[in-house]
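What follows is a set of notes on a single structure, which appears directly below.
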Amino acid sequence: MKEMELRVVNCKVIFLSALVVIPVTFLIAIVAESIKYTVNQTYFIISCLALVGIINFVIIKKYSQLITFSFSDNSISIFEGREIRTISYSNIDNYNTYYLLVKKMGYMVRIKDSKNHFFWITWKNFEKKEKNDDENYEVLQRILASTGIPRKKETIDIFILLVASIPWAALGLGIITLLGIFYYVFFKI
């Protein structure tokens, strides 16, 4: 029997926190518009967004948990706190493991039996990634491959990767916009 203890981020908490952060960010922008001086606007926006980011980090950290994957000869047992979920290899249709765009975001493990079980795994020490965390990913892949369960990419995996790329696409779009503004200010005016 092989066991691995991994830290799993609760996907529902991430989704709900995103739903809360987006309107709060717009609210901060609306309040900032009423501030008269741009320096004060900048201080207000930076302070509020830093506070929102810190609160979001604390909430996500609080609701992440250490779970244990236990691999026996014929089943996977997943220990989440007091809950134990056992899935027989014969009931598993397929699985997939993949990094979320960049390694720092963690990786997803999807196990499909009658339904999909998703585990967004991040590093054990939530604040700092360690060498052991990358080794855990490789060991988990080897163990799952040795079970004989087929590894298959499904549409939901592609969707998760697309959603995970949204922050990077927004960053790229923001940089391109800033470059366009600088070009316009320095060369067109």
Among residues belonging to segment 121-156 that are within 19 Å of the chain's Cα centre (by Cα) and of a type in the set (A, V, I, L, M, F, W, C), point out the one that is surrounded by the most Cβ atoms within 10 Å (Cβ to Cβ).
Ile121
Segment 38-68: number of residues that are within 24 Å of Ile121 (Cβ to Cβ), in a helix (DSSP H, G or I) and either touching a residue at least 24 places away in the same chain (Cβ under 8 Å) or not basic (Lys, Arg) (or both):
10
Got a number for residues in segment 109-120 being surrounded by fewer than 18 Cβ atoms within 10 Å (Cβ to Cβ) and hydrophobic (A, V, I, L, M, F, W, C)?
1
Picking from Gly81, Gly106, the residue that is within 22 Å of the chain's Cα centre (by Cα), surrounded by fewer than 18 Cβ atoms within 10 Å (Cβ to Cβ) and on the phi > 0 side of the Ramachandran plot would be Gly81
How about segment 99-134: which of its residues are part of a strand (DSSP E or B) and either in contact with a Phe, Trp or Tyr (Cβ under 9 Å, 6 or more places away or on another chain) or without any contact (Cβ under 8 Å) to a residue 40 or more places away in the chain (or both)?
Tyr99, Tyr107, Met108, Val109, Arg110, Ile111, Lys112, His117, Phe119, Trp120, Ile121, Thr122
Of all residues in segment 1-19, count the ones that are under 28 Å from the mean Cα position of the chain (by Cα) and in contact (Cβ under 8 Å) with a residue 24 or more places away in the chain.
13
If the requirement is being within 19 Å of Ile67 (Cβ to Cβ), modelled with pLDDT of 85 or more, out of contact with any His (no Cβ under 7 Å at 6 or more places or on another chain) and polar (S, T, N, Q), which of these qualifies: Thr122, Thr97, Thr155?
Thr97
Just to be sure, is Ile35 over 29 Å from Tyr63 (Cα atoms), free of Cβ contacts under 8 Å to residues at least 40 places away in the same chain, not in a helix (DSSP H, G or I) and not charged (D, E, K, R)?
yes
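The values are calculated or read from the model by the stated rules, or taken from the named source; none is laboratory data. All values derive from a computational prediction rather than experimental measurement. Every residue, glycine as well, gets a Cβ built from its backbone with ideal geometry; the counts of neighbours run over all protein chains shown.
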